[in-house]
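The values are calculated or read from the model by the stated rules, or taken from the named source; none is laboratory data. What you see is a predicted model, and the numbers here were worked out from it, not measured in a lab. Cβ sites come from the backbone with ideal geometry, for glycine too, and all protein chains shown count toward neighbours.
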Amino acid sequence: MSIDKKNRHPYLSEGQAYELLRDALDEYDRALQHMPARIVIHKSSHFRDSERKGFLRALYEKGIRTKDFVAITDTDIRLFGDGDYPPKRGTMLAITETEGLLYTRGTVDFYKTYPGAYVPKPLKVTVYEQDSSLESLCEKILGLTKMNWNNTQMDGRLPITLECARKIGDIMKYVRPTEKPQVSYSFYM
């Protein structure tokens, strides 16, 4: 893994991306005895061409045809809501067919208010490889913000895919390069 000196985001070489996805798919196959029909990769930074090539090579080798590569990043763009409250949770603004803004926190109709303490920020969703619509991908991301059962909050800003990855990353920084990381998710709980 390398670090982009300009924006301090880590990125993978083509070989590293290939090995990462290949190994993850091998583990999935070992555990469930079959390959998934579809792969969606969420990333908290933009995809580089080398990463996309590596991931696509692994998918091709494993015979997985349906894929979506989605970058979920921060943005300084804000939308105005109706009246005194911020936009509704789930508000999505398509900028292009592959780029949009998604409010994962916001006003909730059931409460008739915004249950947060701070003005919510939307997520910028950018799709790099696309077999699903932007709207469908944002709907899934919104659903994944409600899956953190280790939290009493109704929703999170980030989908569980990125939230969990950050927490595992906090633990992984203590694993020596010579050690093989644990595969079981329960190890990281």
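Among the numbered criteria (1) at pLDDT below 85; (2) surrounded by 16 or more Cβ atoms within 10 Å (Cβ to Cβ), which single criterion is violated by GLU163?
(1)
Checking VAL108 against (1) among the β-branched types (Val, Ile, Thr); (2) closer than 22 Å to GLU163 by Cβ; (3) exposed (fewer than 14 other Cβ atoms within 10 Å of the Cβ), only one condition comes out false. Which one?
It fails just one condition, (3).
I'm trying to understand the selection: among the residues of segment 67-86, which are without any contact (Cβ under 8 Å) to a residue 40 or more places away in the chain, on the phi < 0 side of the Ramachandran plot and either more than 22 Å from the chain's Cα centre (by Cα) or outside any loop (DSSP other than H, G, I, E, B) (or both)?
Kept after step one, since they are without any contact (Cβ under 8 Å) to a residue 40 or more places away in the chain, are these residues of segment 67-86: 76, 80-86.
Keeping just the survivors that are on the phi < 0 side of the Ramachandran plot gives 76, 80-82, 84-86.
PHE80, GLY81, ASP82, ASP84, TYR85, PRO86, listed by residue number.
Kindly provide the set of residues from segment 112-132 that are under 15 Å from the mean Cα position of the chain (by Cα) and part of a strand (DSSP E or B), ordered by number.
Correct list: LEU123, LYS124, VAL125, THR126, VAL127, TYR128, GLU129.
Matching residues to (1) not hydrophobic (A, V, I, L, M, F, W, C); (2) not in a loop (DSSP other than H, G, I, E, B):
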position: PHE110; (1), (2): no, no
position: LEU137; (1), (2): no, yes
position: ILE141; (1), (2): no, yes
position: LYS146; (1), (2): yes, no
position: GLY156; (1), (2): yes, no
position: ASP170; (1), (2): yes, yes
position: LYS180; (1), (2): yes, no
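Taking ARG22 as meeting all but one of (1) surrounded by 12 or more Cβ atoms within 10 Å (Cβ to Cβ); (2) over 24 Å from PRO159 (Cβ atoms), write down the number of the exception.
Condition (2) is where ARG22 drops out.
Select from segment 14-44 the residues that are closer than 22 Å to ARG166 by Cβ and part of a loop (DSSP other than H, G, I, E, B) and list them in ascending order.
Listed by number, the list holds a single entry, SER44.
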